[in-house]
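Enquirer: Structure provided below as structure tokens; questions to follow.
The values are calculated or read from the model by the stated rules, or taken from the named source; none is laboratory data. In this text the structure is predicted, and so the values were computed from the model without any measurement. All Cβ positions, even for glycine, are placed from backbone atoms using ideal geometry, and neighbour counts span all protein chains on display.
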Amino acid sequence: MTTVTAIEGTCDARFQGVKEAFAQNFADFGEVGAAVAVVVEGETVVDLWAGHADAALTRPWQRDTIANAFSTTKGITAICAHRLADQGRLDIDAPVASYWPEFAQAGKENIPVRYLLSHRAGLPAVREMLPPGSAYDWDKMASALAAEEPWWEPGTKHGYHALTFGNLVGEVIRRISGQTVGAYFRNEIADPLGLDFHIGLAEAHDARTAELLPMPLPEPGEDNPIAKALSDPQSMTFKAFANPADLMVPGTVNSRAWRAAEIPAGNGHGNARSLARLYGALARGGDLDGPDGQAVRVLTREAIERARVEQSYGEDAVLFGLTTRFGLGFMLDLPEHRIVPQGEMFGHPGAGGSIGFADPKTGVGFGYVMNKMILPPDYFVDPRWRSLVDATYVAL
């Protein structure tokens with residue numbers, strides 16, 4: 001087997017197949033820079049990184065390199081909401097408006113928090129085009145969503161809330177806790193567990209942040225989901241991804257403005273190690289030792305079980321009719337597009353390839369981040385982490 005770059009980090013001998021698959025990704029898929037980590041029953045068995053953190057191949061990917069994980073961030077946001085429920089401060093079945101009174105506009109007074117977490121609220125987009133920069137303006141986004149009328153009768157179907165999920169769930173978290181999602185996650189979970197994952201990234205971290213290499217835009221007439229999403233500027237799907245239009249601006253995801261903002265549906269920055277540790281805690285009942293050796297309880301077993309109960313399964317009203325399946329804030333495995341070969345995973349992937357998930361059946365917490373974005377052939381399973389997950393399960 002030919003490798004194109006040295007693989008750094010540690011790997012238990014039992015999981016040598018993961019290291020080999022990771023190396024092969026650079027040869028087979030032109031991987032630029034990436035990291036993968038696996039935790040099993042609370043123990044880190046894989047912690048690897050390789051490649052470069054920039055397109056020019058001048059910055060080696062280091063142990064402390066972090067990357068934008070896009071929608072993998074949604075799982076982090078969901079964990080924050082479930083922690084508030086564990087603390088008795090959030091009732092998943094209470095109306096959103098009981099925590100966020102302004103949300104009661106446009107017939108939304110009875111929508112429960114459960115619908116926000118399961119993509120059933122009918123609020124995947126704002127109809128009126130918002131000015132550039134609105135994605136970075138929390139109050140503007142919250143006000144626009146509070147005033148918005150649902151695109152469908154809430155609860156009757158589901159559709160991926162690609163960007164609005166973070167503002168909707170995040171505003172509930174903010175109203176209850178008095179903290180933004182980024183601050184709540186940092187204070188309640190990241191710092192106690194020693195996680196290097198951020199929603200709202202300080203400028204001091206820019207030098208170790210990987211440069212994202214965007215996936216190629218579709219050619220005119222090309223039939224793929226991105227082309228479909230961009231084909232009709234008046235459609236719900238277009239506005240779900242391109243209103244505000246900030247994500248459509250070249251270079252946005254590598255800008256200081258993007259990194260600094262709190263966009264809890266899509267701009268978390270972190271490493272594979274942190275994702276694997278966090279989901280590793282959820283895979284073993286909700287706790288994991290922090291840096292000081294003291295156990296940190298992230299969620300109770302009851303919260304974990306509630307979070308992964310199927311809420312939505314079937315044709316997605318936003319994603320061109322593709323089949324999606326959600327629990328409360330987490331994506332669940334699809335029988336036709338399985339992420340794990342056996343098990344009961346829940347977690348969240350991100351655009352271009354990143355993913356974090358837990359599997360309570362096997363005790364696995366898994367994390368993968370990279371900087372070269374690709375569109376998987378089947379739209380669901382990235383072939384790079386497909387081989388890494390398969391190798392992990394072979395070793396169990």
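Enquirer: Restricting the stretch 174-217 to residues that are more than 19 Å from the chain's Cα centre (by Cα), of a type in the set (D, E, K, R) and more than 22 Å from Asp86 (Cα to Cα), which is surrounded by the fewest Cβ atoms within 10 Å (Cβ to Cβ)?
Expert: Result: Glu203.
Enquirer: Identify all residues within the stretch 367-390 that are more than 30 Å from Thr58 (Cβ to Cβ) and under 14 Å from the mean Cα position of the chain (by Cα); write none if there are none. Reasoning before the result, please.
Expert: Residues of the stretch 367-390 that are more than 30 Å from Thr58 (Cβ to Cβ), as a first pass: 377-381, 389-390.
If the condition is that a residue be more than 30 Å from Thr58 (Cβ to Cβ) and under 14 Å from the mean Cα position of the chain (by Cα), then Phe380 is the only one that fits.
Enquirer: Within the bounds of the stretch 7-27, is there any residue that is modelled with pLDDT under 95, surrounded by fewer than 20 Cβ atoms within 10 Å (Cβ to Cβ) and either at positive phi or not in a helix (DSSP H, G or I) (or both)?
Expert: no
Enquirer: Do you know which residues across the stretch 289-303 are part of a helix (DSSP H, G or I) and either more than 21 Å from Asn187 (Cβ to Cβ) or at pLDDT below 95 (or both)? Steps first, answer last, please.
Expert: As a first pass, look at the stretch 289-303 and keep what is part of a helix (DSSP H, G or I): 301-303.
Answer for the stretch 289-303, where residues must be part of a helix (DSSP H, G or I) and either more than 21 Å from Asn187 (Cβ to Cβ) or at pLDDT below 95 (or both): Arg301, Glu302.
Enquirer: Is there a residue being at pLDDT 95 or above, crowded, with 19+ Cβ neighbours inside 10 Å and either closer than 23 Å to Tyr393 by Cα or of a type in the set (D, E, K, R) (or both) anywhere in the stretch 76-93?
Expert: The answer is yes; a qualifying residue exists.
Enquirer: Give me the pairs: first residue in the stretch 290-311 and free of Cβ contacts under 8 Å to residues at least 40 places away in the same chain and surrounded by fewer than 16 Cβ atoms within 10 Å (Cβ to Cβ), second residue assigned to a loop (DSSP other than H, G, I, E, B) and of a type in the set (Gly, Ala, Ser), beta-carbon distance under 8 Å, and six or more apart or on different chains, which are they?
Expert: So the pair list comes out as Arg297/Gly286; Arg301/Gly285; Arg301/Gly286; Val309/Gly327; Glu310/Gly327.
Enquirer: Given the options Phe366, Phe357, name the one that is touching a Pro at 6+ places or on another chain (Cβ under 9 Å), among the hydrophobic types (A, V, I, L, M, F, W, C) and surrounded by 24 or more Cβ atoms within 10 Å (Cβ to Cβ). Please lay out each step first, then the result.
Expert: On the way: Phe366 fails: touching a Pro at 6+ places or on another chain (Cβ under 9 Å).
Sole residue among the options that is touching a Pro at 6+ places or on another chain (Cβ under 9 Å), among the hydrophobic types (A, V, I, L, M, F, W, C) and surrounded by 24 or more Cβ atoms within 10 Å (Cβ to Cβ): Phe357.
Enquirer: Another one. Could you figure out which of (1) at pLDDT below 95; (2) among the small types (Gly, Ala, Ser); (3) within 18 Å of the chain's Cα centre (by Cα) isn't true of Gly356?
Expert: In the conditions (1) at pLDDT below 95; (2) among the small types (Gly, Ala, Ser); (3) within 18 Å of the chain's Cα centre (by Cα), Gly356 misses (1) alone.
Enquirer: So if I check each of Gly329, Gly314, which one is touching a Ser or Thr at 6+ places or on another chain (Cβ under 8 Å), surrounded by fewer than 16 Cβ atoms within 10 Å (Cβ to Cβ) and small (Gly, Ala, Ser)? Don't jump to the end; show me each part of the working.
Expert: Working: Gly329 fails: surrounded by fewer than 16 Cβ atoms within 10 Å (Cβ to Cβ).
The unique qualifying residue is Gly314.
Enquirer: Oh, and also: Just to be sure before I move on: is Gly329 over 16 Å from Ser118 (Cβ atoms) and outside any helix (DSSP H, G or I) in the structure I sent?
Expert: Details: over 16 Å from Ser118 (Cβ atoms): no; outside any helix (DSSP H, G or I): yes.
Here the answer is no, as Gly329 does not meet what is asked.
Enquirer: To continue, here is another question. Can you name every residue in the stretch 333-352 that is in a strand (DSSP E or B), hydrophobic (A, V, I, L, M, F, W, C) and in contact with a Ser or Thr (Cβ under 9 Å, 6 or more places away or on another chain)?
Expert: First, the residues of the stretch 333-352 that are in a strand (DSSP E or B): 334, 337, 346-349.
Filter again for hydrophobic (A, V, I, L, M, F, W, C), leaving 334, 346.
Of everything in the stretch 333-352, just one residue is in a strand (DSSP E or B), hydrophobic (A, V, I, L, M, F, W, C) and in contact with a Ser or Thr (Cβ under 9 Å, 6 or more places away or on another chain), namely Leu334.
Residue-wise test of (1) among the aliphatic types (A, V, I, L, M); (2) in a loop (DSSP other than H, G, I, E, B); (3) buried (at least 19 other Cβ atoms within 10 Å of the Cβ); (4) modelled with pLDDT of 95 or more.
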{"site": "Glu128", "(1), (2), (3), (4)": "no, yes, no, yes"}
{"site": "Ala135", "(1), (2), (3), (4)": "yes, no, yes, yes"}
{"site": "Ala144", "(1), (2), (3), (4)": "yes, no, yes, yes"}
{"site": "Trp152", "(1), (2), (3), (4)": "no, yes, no, yes"}
{"site": "His158", "(1), (2), (3), (4)": "no, yes, yes, yes"}
{"site": "His161", "(1), (2), (3), (4)": "no, yes, yes, yes"}
{"site": "Asn167", "(1), (2), (3), (4)": "no, no, yes, yes"}
{"site": "Val172", "(1), (2), (3), (4)": "yes, no, yes, yes"}
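Enquirer: Of the residues Ala50, Ala37, only one is crowded, with 24+ Cβ neighbours inside 10 Å and in contact with a Ser or Thr (Cβ under 6 Å, 6 or more places away or on another chain); which? Steps first, answer last, please.
Expert: Numbers: Ala37 fails: in contact with a Ser or Thr (Cβ under 6 Å, 6 or more places away or on another chain).
Going through Ala50, Ala37 in turn, just one is crowded, with 24+ Cβ neighbours inside 10 Å and in contact with a Ser or Thr (Cβ under 6 Å, 6 or more places away or on another chain): Ala50.
Enquirer: Only one of Ala23, Ala27, Ala56, Ala50 is more than 25 Å from Ala183 (Cβ to Cβ) and without any contact (Cβ under 8 Å) to a residue 24 or more places away in the chain; which? So that I can check it myself, show each step before the final result.
Expert: Numbers: Ala23 fails: without any contact (Cβ under 8 Å) to a residue 24 or more places away in the chain; Ala27 fails: without any contact (Cβ under 8 Å) to a residue 24 or more places away in the chain; Ala50 fails: without any contact (Cβ under 8 Å) to a residue 24 or more places away in the chain.
Exactly one residue qualifies, and that residue is Ala56.
Enquirer: Is at least one residue of the stretch 265-276 part of a loop (DSSP other than H, G, I, E, B), closer than 14 Å to Phe185 by Cβ and touching a Lys or Arg at 6+ places or on another chain (Cβ under 6 Å)?
Expert: Checked against the condition, which is being part of a loop (DSSP other than H, G, I, E, B), closer than 14 Å to Phe185 by Cβ and touching a Lys or Arg at 6+ places or on another chain (Cβ under 6 Å), the stretch 265-276 yields at least one hit.
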